[in-house]
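Asks: This is the structure, below, for whatever I ask next.
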Ligand SMILES: [Ca+2]
Ligand SMILES: [Ca+2]
């Protein structure tokens, strides 16, 4: 007899918690993947790449606040053959996230640091949902900490492409990271109203039927 009321209470409880945010997640090698994209220009990874086996060095920071030192084990160095060339990185988050902060650990001097990053953001269906051009700062020295770039959008991002380049063809950096919340579709106010109206309709219909059977 109380089933419709229980259902409506459960719905209200669900709506009440839908807007609550869990703590943001730092995305790194434990929960996302990275690979070298086909848009990478002709060039050389010098001595830091091992034919792609070590590209995960760009997502190995344990947290957004992590400090890294510039060693063969921690960074990627790419040299494009021609001006304008660069390294394309493809990130897969595995599920959709709303990105809150972008983190970039750059090299510490102009001779080799990254001067430009062109980001493209794609949703679960691989549709483009945003782009961003970044001119990153030099990395701190000697311990390299991330430059944090706050983003209000894009939302619902699963795939990210980053084209990383240097004005002198040199690309050297430690990590790219993202702080993000798992995307949670929240019902539109109109939808909530319709759902509530539907429940009320169900309740009154039950009452009407019970009354009719008396
Ligand atoms: Ca690293
Ligand atoms: Ca530079």
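The values are calculated or read from the model by the stated rules, or taken from the named source; none is laboratory data. Quantities reported herein were computed from a predicted structural model and do not represent experimental measurements. A quick note on method: Cβ atoms are made from the backbone with ideal geometry, for glycine too, and the neighbour counts reach across all protein chains shown.
Asks: For residue 31, state whether it is assigned by TED's automatic domain parsing to the domain that holds residue 117, at pLDDT below 95 and more than 15 Å from ligand 1 (Cβ to nearest atom).
Replies: Details: assigned by TED's automatic domain parsing to the domain that holds residue 117: yes; at pLDDT below 95: no; more than 15 Å from ligand 1 (Cβ to nearest atom): yes.
For residue 31, the condition - assigned by TED's automatic domain parsing to the domain that holds residue 117, at pLDDT below 95 and more than 15 Å from ligand 1 (Cβ to nearest atom) - is not met.
Asks: Out of segment 97-115, which residues are away from ligand 1 (no atom under 16 Å from the Cβ) and under 19 Å from the mean Cα position of the chain (by Cα)?
Replies: Going through segment 97-115, the residues away from ligand 1 (no atom under 16 Å from the Cβ) turn out to be 97-101, 109-111, 115.
The answer is 97, 98, 99, 100, 101.
Asks: Hey, another quick one. What are the residue pairs meeting all of these: first residue in segment 101-123, first residue more than 13 Å from residue 137 (Cα to Cα) and in a loop (DSSP other than H, G, I, E, B), second residue at pLDDT 95 or above and away from ligand 2 (no atom under 15 Å from the Cβ), Cβ atoms under 7 Å, and 6 or more apart or on different chains?
Replies: So the pair list comes out as 123/96; 123/129; 123/156; 123/157; 123/158.
Residue-wise test of (1) away from ligand 1 (no atom under 13 Å from the Cβ); (2) surrounded by fewer than 18 Cβ atoms within 10 Å (Cβ to Cβ); (3) assigned by TED's automatic domain parsing to the domain that holds residue 156; (4) closer than 16 Å to residue 162 by Cβ.
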site: 53; (1), (2), (3), (4): yes, yes, yes, no
site: 62; (1), (2), (3), (4): no, yes, yes, no
site: 71; (1), (2), (3), (4): no, yes, yes, no
site: 75; (1), (2), (3), (4): no, no, yes, yes
site: 83; (1), (2), (3), (4): yes, yes, yes, no
site: 124; (1), (2), (3), (4): yes, yes, yes, no
site: 127; (1), (2), (3), (4): yes, yes, yes, no
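Asks: Report yes if some residue within segment 84-95 is touching a strand residue (DSSP E or B) at 6+ places or on another chain (Cβ under 8 Å), under 15 Å from residue 28 (Cα atoms), within 16 Å of ligand 2 (Cβ to nearest atom) and not in a strand (DSSP E or B); otherwise report no. Walk me through how you get there before you give the answer.
Replies: Residues of segment 84-95 that are touching a strand residue (DSSP E or B) at 6+ places or on another chain (Cβ under 8 Å), as a first pass: 84-95.
This time we only want the ones that are under 15 Å from residue 28 (Cα atoms), so: 89-95.
Add one more test, that the residue is within 16 Å of ligand 2 (Cβ to nearest atom), and what stays is none.
Within segment 84-95, not a single residue is touching a strand residue (DSSP E or B) at 6+ places or on another chain (Cβ under 8 Å), under 15 Å from residue 28 (Cα atoms), within 16 Å of ligand 2 (Cβ to nearest atom) and not in a strand (DSSP E or B).
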